[in-house]
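Q: Dropping the structure in here first, questions after.
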Amino acid sequence: MDDLPVVTDEEWRIACEALRVREKELTRELDALAAARRRLPMVRVEKDYTFEGPEGPTSLSGLFEGRSQLIVYTFMWHGTDHYCEGCSMFTDNIGHLAHLNARDVTLALVSEGPLAEITPFRRRMGWTVPWYSALGNDFNADMGTGNGFALNVFLRNGDSVYRTYTTSGRGVERLGSNWTFLDLTPFGRQERWEDSPEGRPQGEPYTWWRLHDDYETPAGR
């Protein structure tokens, strides 16, 4: 603390405004990156995967819960002797899922641990994010995750599933708000100010926002 200068209120405001210029430049660059992300090519997922969930076995299509967009976070699993602190911090930062669901997005966790071990830990942490076991399938390996962590985004069109985006490492650190998650998806926030490809769903900004228990259709479409 002793190395921080103490200045007048006017000098402090000038310094803040100078920094604000850089912050606004970064905001515009992040918007441009999100626009470029929405224009990325996609690859069809050809392999069938079986995941174990609370309702029994399901496919990758089943993870969408009837919606058209899916964000999957691979939660590192080293057994009950060492829960991953970093993945747990990430999951702690996830907001109420109703806001993502309202934009036709499902978010889910996947781990290579057995569901019998995952479920008690999920309950202990008080998380409501859907969490599936990928034990026995090649999903994590095929997504380039291995024994680590990563985030992947998928788009569903009928019976076909496409992988549209992936990130790991520090690319995951800034995520956690509904807006940063939506910026990863093919449809984005679906607001008119966004630079999106022709034909993507868009409406007036802010008008879709609701209290999380006020959305009309929280379930999948």
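The values are calculated or read from the model by the stated rules, or taken from the named source; none is laboratory data. Small disclaimer: the values here were computed from a predicted structure and weren't measured. Cβ placement follows ideal geometry from the backbone for every residue including glycine, while neighbour counts extend to all protein chains displayed.
Q: Take the range 1-32 and flag every residue that is under 17 Å from E194 (Cβ atoms) and either in contact (Cβ under 8 Å) with a residue 60 or more places away in the chain or touching a helix residue (DSSP H, G or I) at 6+ places or on another chain (Cβ under 9 Å) (or both).
A: L30, D31, A32
Q: Right, another one. Checking the structure you have, find out if any residue of the range 149-162 is surrounded by fewer than 19 Cβ atoms within 10 Å (Cβ to Cβ) and touching a Gly at 6+ places or on another chain (Cβ under 9 Å).
A: no
Q: Of the conditions (1) closer than 24 Å to A36 by Cβ; (2) free of Cβ contacts under 8 Å to residues at least 60 places away in the same chain; (3) in a loop (DSSP other than H, G, I, E, B); (4) of a type in the set (S, T, Y), T166 clears all except one; give me its number.
A: For T166, the failing item is (3).
Q: Something else now. Please determine whether any residue of the range 120-131 is touching a residue at least 12 places away in the same chain (Cβ under 8 Å), in a helix (DSSP H, G or I), of a type in the set (A, V, I, L, M) and under 26 Å from E46 (Cβ atoms).
A: no
Q: Still on this structure: Might you let me know whether the range 10-31 holds any residue that is closer than 16 Å to T180 by Cα and among the hydrophobic types (A, V, I, L, M, F, W, C)?
A: Checking the range 10-31: at least one residue is closer than 16 Å to T180 by Cα and among the hydrophobic types (A, V, I, L, M, F, W, C).
Q: Hey, any hits in the range 178-200 for a residue that's free of Cβ contacts under 8 Å to residues at least 60 places away in the same chain and in contact with a helix residue (DSSP H, G or I) (Cβ under 8 Å, 6 or more places away or on another chain)?
A: No, the conditions are met nowhere in the range 178-200.
This table checks each residue for (1) under 16 Å from the mean Cα position of the chain (by Cα); (2) within 21 Å of M42 (Cα to Cα); (3) modelled with pLDDT of 95 or more.
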position	(1), (2), (3)
G148	no, no, no
L151	yes, yes, yes
V161	no, yes, yes
G171	yes, yes, no
S177	yes, no, no
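Q: Taking the range 45-99 as the search range and keeping residues that are aliphatic (A, V, I, L, M) and part of a strand (DSSP E or B), which one is surrounded by the most Cβ atoms within 10 Å (Cβ to Cβ)?
A: V72
Q: Sticking with this structure for a sec: Kindly indicate whether T166 is modelled with pLDDT of 95 or more, farther than 22 Å from E52 by Cα and crowded, with 20+ Cβ neighbours inside 10 Å.
A: No, not satisfied.
Q: Go through (1) within 15 Å of the chain's Cα centre (by Cα); (2) closer than 30 Å to G158 by Cβ; (3) of a type outside the set (F, W, Y) for T91 and report which single condition fails.
A: Condition (2) is where T91 drops out.
Q: Here's something else I'd like to know. Give the residue that is nearest to Y165 (Cα to Cα), with candidates limited to residues of the range 34-44 that are assigned to a helix (DSSP H, G or I) and either among the β-branched types (V, I, T) or touching a residue at least 60 places away in the same chain (Cβ under 8 Å) (or both).
A: The selected residue is R37.
Q: Follow-up question, since we're still on this one. Go through the range 15-31 and give me each residue that's surrounded by fewer than 11 Cβ atoms within 10 Å (Cβ to Cβ) and aliphatic (A, V, I, L, M).
A: Across the range 15-31, the qualifying residues are A18, L19, V21, L26.
Q: Just to check your reading of the model, which residue among V72, V129, V105 is under 22 Å from Q202 (Cα atoms), within 12 Å of the chain's Cα centre (by Cα) and not polar (S, T, N, Q)?
A: Sole residue among the options that is under 22 Å from Q202 (Cα atoms), within 12 Å of the chain's Cα centre (by Cα) and not polar (S, T, N, Q): V105.
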